[in-house]
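The values are calculated or read from the model by the stated rules, or taken from the named source; none is laboratory data. These numbers come from a predicted model, not from an experiment. Don't worry about glycine lacking a Cβ; one is built from the backbone with ideal geometry, like all the others, and counts go over all protein chains shown. To get the accessible areas, we keep the full protein, side chains included, count just its heavy atoms, and leave off ligands, DNA and RNA. Shrake-Rupley method; radii C 1.70, N 1.55, O 1.52, S 1.80 Å.
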Amino acid sequence: MRTVSVSQIKAGDKLLEAVNSRFGNALFYKGRILTERDAEILKAFLISTVTIDNGTSNSGQESAGAVASADIDTKQISSFDLSYDKMLQLLKKAFGLVLGNSALPVLEMRNELHKLIEHIEGYQVLTFTPRQFQLQDFVHHNSIMVSLTSYLLAKWHRLPQKDWMQIALAGLLHDIGNAKIDQALLVKPTKLTPVELEEMRKHTLYGYNVLKPIAALNEGVKLCSLQHHEREDASGYPLGLKSDQIHTYSKVVAVADIFHAMTSVRYHQEATSPYLVLEQLSKDSFGKVDPAIVNTFINKVTSFHIGTVVKLNDNRVGEIVFSDRSYPTRPWVNINGTIVNLTLERNLYIQEVVEAR
């Protein structure tokens, strides 16, 4: 056992004592295996030191310790994360099969998705970050997150229960056409040229052509791959459809896709605050995306407000103490005893949800 500075923390260190915030909330529990992101959270809360496992010294003990550590790591990984990792590997395989013009393992994907959704209580839309995120895997991670968020949104919006899993599957496969796109475009760090943008937009057509002949998929799932970039005012692509021509599955997945695309780090952009994205979605609901679905989404993902620990765009950290449902993205935040009312201080906004309640 040893006490170390937070700046000395290494990924894989194990906490031997719980860590609490200055507000008395538990940040991390005893036994947690720390990650690089955990170290950033501790710094944000001005935690200077933590107590970690000292490790062992001789080679024989190191070997035994490594086995024990591996066992601990496995136990520390949640059922949701384990299932998520399996889904990620299967989705990568599926993209490879599409690139090689081979059949999609639809039944296997459906079964794995069902297992993942069985553990969906481990998924929080505003705060979730994939455990082993790699930038080159953004398309795969985005597909899984869009799938899970679409499932919850379908449920929250009280669509028929028979549609929930189908919408989740539509979210999982909505970007399958990207397997046919030149990968250099997907990882380009600068703005696409008009010609490149036109090629990128073809992923909707490629995806639909991949899914269209698969009898095991319903029409809504297939149309979602084609329509998820269509917009209510007919300004979308590839067909410029208007509201009454867009399938409900596509409308749900569009909201989830916009949210995750904007809140995730990508080759050509930094992640945007989820609260700013929610405000943008609210604006877009006047013509771009379905307003009723957006309203449901915003109200549900912000409903855990009270007690949530957040970081503002000026790097101050505080706890949400009041939320006016007329302004769900702009609550009151207690920062060291000072109340910051974000509905009045418009230059400030929530940059990051540090700890959900």
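Per-residue ellipticity at 222 nm computed for the chain from its helices equals -13500 deg cm²/dmol, with DSSP H segments shorter than 4 residues left out and the rest contributing -39,500 (n - 2.57).
Residues LYS93, LYS222, ordered by accessible area of protein heavy atoms at a 1.4 angstrom probe radius and largest first, appear as LYS93, LYS222. Averaged over residues, the count of other Cβ atoms within 10 Å places the peptides 194-202, 342-350 in the sequence 342-350, 194-202, highest first. Extension gain, GLU198 to GLU108, is 29.1 nm, computed as 0.36 nm per intervening residue step minus the present C-alpha separation.
Going by accessible surface with a 1.4 Å probe and the largest first, ARG32, ARG158, ARG330, ARG231 read ARG158, ARG32, ARG231, ARG330.
Around the amide H of THR49, modelled in the peptide plane, lie the amide H atoms of VAL6, all under 5 Å away and 5 or more residues distant in sequence or on another chain.
Computed with a 1.4 Å probe on the full set of protein chains, the accessible area for PHE133 sits at about 70 Å². Assuming charge only on the beta carbon of Lys and Arg (+1) and of Asp and Glu (-1), the dipole of the chain about its Cα centre is about 260 debye to the nearest 20.
3J(HN,Hα) couplings calculated from phi for segment 330-338 with the Karplus curve 6.51 cos²θ - 1.76 cosθ + 1.60 (θ = phi - 60°) are, in sequence order, 10, x, 8, 10, 8, 10, 6, x, 9 Hz; Gly and Pro show x. A straight Cα-to-Cα reach below 13 Å connects LYS311 with the aspartates and glutamates GLU40, GLU319, GLU352, GLU355, residues fewer than 8 places away in its own chain not being considered.
Note on segment 191-252: Lys pairs 8 or more places apart or on different chains, Cα atoms under 20 Å apart, count 10. Close amide H partners of GLN351, meaning residues 5 or more places away or on another chain with modelled amide H under 5 Å apart, are LYS311, LEU312, ASN313.
Rg of the Cα atoms in segment 123-260, relative to 2.2 N^0.38 Å, amounts to 1.03.
Projected label points at PHE322 and GLN183, each 7 Å from Cα along the beta carbon direction, are separated by 5.4 nanometres. Label-to-label distance for ILE214 and ASN101 is 1.9 nm, based on points extended 7 Å past Cα in the beta-carbon direction.
The distance separating the Cα centre of segment 254-326 from that of segment 168-225 comes to 25 Å.
When only the heavy atoms of the protein chains count and the probe is 1.4 Å, how do GLU108, GLU230 rank by accessible area, highest first? Please report the intermediate quantities before stating the final value.
On the way: GLU108 90, GLU230 5 Å².
Heavy-atom accessible area, descending, gives GLU108, GLU230.
Counting only lysines at least 8 places from LYS115 when in the same chain, those with an alpha carbon closer than 20 Å to its own are LYS75, LYS86, LYS92, LYS93, LYS155, LYS162. Of the whole protein surface, HIS157 contributes about 60 Å² of accessible area at a 1.4 Å probe radius.
Karplus-derived 3J(HN,Hα) values for segment 241-253, using 6.51 cos²θ - 1.76 cosθ + 1.60 with θ = phi - 60°, are 6, 9, 2, 6, 9, 9, 5, 4, 4, 5, 5, 5, 5 Hz; glycine and proline are entered as x.
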